[in-house]
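J.: Structure provided below as structure tokens; questions to follow.
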Amino acid sequence: MKSLFQINTTTPLLVVMLVLATAFTAHAQSSRIQMSSLDHLAPKASETVDVTIDERLMKMAAKLFSDKDADEKEVKELVAGLKGIYVKSFEFDTEGQYSAADVESIRTQLRAPGWTRLLNVTSKREGSVEVYMLMDGEQIGGLAVLSAEDKELTVVNIIGPVDLEKLAKLEGQLGVPDLGIETTKPKTKNDKN
Amino acid sequence: MNEDYLWDKSGEPDPEIQQLEEILRPLRYRPKPLALPANLAVHQRRRYFPMLAIAATVLLALVAAGLWFRLHAGNKSQSQQANVTNPQPALEQKKTSRDAIVKNAIPAPAANPIAGNNKHRNRAAFAILKQREREEALAAKEQLMFALRLASEKLNLAQRKTQGATPANQIKNQHRVG
């Protein structure tokens with residue numbers, strides 16, 4: 001009787017724990033990267049960028065993009081379906097203002113199941129840039145860029161299906177100065193230079 | 001010695017055994033009805049435990065599900081809430097204007113200014129809400145553009161680094177030198 005009693009009480013608990021574990025794992029996979037561990041760098045930084053755009057703000061902002069303007073239309077298409085964009089960037093006057101542990105606190109999260117490292121470029125002079133992708137089945141569920149340079153630490157986290165090609169093309173558009181990286185825009189007749 | 005008496009009391013009785021029997025007689029088995037102890041309620045209390053465990057499990061599952069939905073639908077509900085607040089002044093406006101019409105038909109001069117004020121106040125609130133939403137959206141758009149640009153820049157930087165030297169910059173430098 002005792003064993004039967006134990007089965008009766010422990011089985012639902014086990015089932016619930018399994019369900020919870022699955023739910024939290026799934027949530028952990030889709031959740032955004034926690035960047036609060038970098039907040040202590042803000043006082044040291046000469047320039048701090050903190051962007052937090054959730055799904056609601058994303059939808060609100062997307063409404064303001066014009067369909068008539070080709071560039072804006074492209075951005076509108078890019079952000080359609082995105083669930084959030086989170087950025088933390090710190091620029092320092094001198095080197096060595098952030099520690100390896102700071103970078104590792106982000107990197108550890110990107111080692112979670114679902115995340116795949118696409119690119120990892122490490123340079124002694126220029127620091128490292130790592131690009132991670134979150135796979136949601138066969139679709140891209142998110143993107144993370146971790147750039148750790150001598151005087152700059154940047155973390156970008158995009159949640160949702162993101163078109164990498166379109167995103168890479170965005171630099172240099174909408175009045176943003178082109179840094180000379182793969183310009184794909186064809187020259188128009190008006191461009192004499 | 002015949003041990004039948006010791007076995008089934010059929011043989012000749014042994015005085016020594018009989019003496020032992022006499023001594024042990026008070027301790028022999030006496031069939032009597034089962035007397036349940038007074039503290040049997042303790043066992044009854046245990047019956048509630050499985051029910052409590054199941055109830056707790058169900059409650060835990062409901063809480064987990066609630067949290068899960070809240071985490072996922074939080075943003076949606078916020079936007080819906082924002083949308084819901086808009087029609088409310090409109091409905092109130094309709095109501096007040098309808099009241100105003102009715103009260104105009106029945107002469108009640110004191111009610112009209114109140115209705116008018118409410119209408120005006122609702123319109124102002126609605127306009128402020130719209131304005132705030134627009135400002136918020138504009139700020140979000142600006143931030144969004146910045147974030148996308150930064151992401152794009154970093155992506156391209158990584159791409160550039162994987163390809164080694166930067167051809168575009170090299171060309172630019174060549175032009176500058178030449």
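The values are calculated or read from the model by the stated rules, or taken from the named source; none is laboratory data. It should be emphasised that the depicted structure is a prediction, and the values quoted were computed from it without experimental measurement. Don't worry about glycine lacking a Cβ; one is built from the backbone with ideal geometry, like all the others, and counts go over all protein chains shown.
J.: With respect to the numbered conditions (1) more than 9 Å from chain A (Cβ to nearest Cβ); (2) modelled with pLDDT of 75 or more, which one is the sole condition not fulfilled by B:A147?
T.: (1)
Quick grid of which residues meet (1) surrounded by 17 or more Cβ atoms within 10 Å (Cβ to Cβ); (2) of a type in the set (S, T, Y); (3) out of contact with any Asp or Glu (no Cβ under 6 Å at 6 or more places or on another chain); (4) assigned to a loop (DSSP other than H, G, I, E, B):
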residue: A:R125; (1), (2), (3), (4): no, no, yes, yes
residue: A:V131; (1), (2), (3), (4): yes, no, yes, no
residue: A:M135; (1), (2), (3), (4): no, no, yes, no
residue: A:G142; (1), (2), (3), (4): yes, no, yes, no
residue: A:S147; (1), (2), (3), (4): yes, yes, yes, no
residue: A:V155; (1), (2), (3), (4): yes, no, yes, no
residue: A:I158; (1), (2), (3), (4): yes, no, yes, no
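J.: Then there is this: Considering only residues that are modelled with pLDDT of 90 or more, surrounded by fewer than 18 Cβ atoms within 10 Å (Cβ to Cβ) and more than 12 Å from chain B (Cβ to nearest Cβ), which ones fall in region A:48-90?
T.: A:T48, the sole residue that qualifies.
J.: Follow-up question, since we're still on this one. What are the pairs, 6+ residues apart or on separate chains, where a residue within region A:97-108 that is at pLDDT 90 or above and surrounded by fewer than 18 Cβ atoms within 10 Å (Cβ to Cβ) has its Cβ under 8 Å from a residue that is part of a helix (DSSP H, G or I) and not charged (D, E, K, R)?
T.: Pairs found: A:S105/A:S37; A:S105/A:L38.
J.: In addition: Determine the pairs where a residue that is among the basic types (K, R), located within region A:40-67, has a partner that is surrounded by 13 or more Cβ atoms within 10 Å (Cβ to Cβ) with Cβ atoms under 7 Å apart, the partner being 6 or more residues away or on another chain.
T.: What qualifies is A:K44/A:F92; A:K44/A:Q97; A:R56/B:N75; A:R56/B:Q78; A:R56/B:S79; A:K59/B:S79; A:K63/B:A137.
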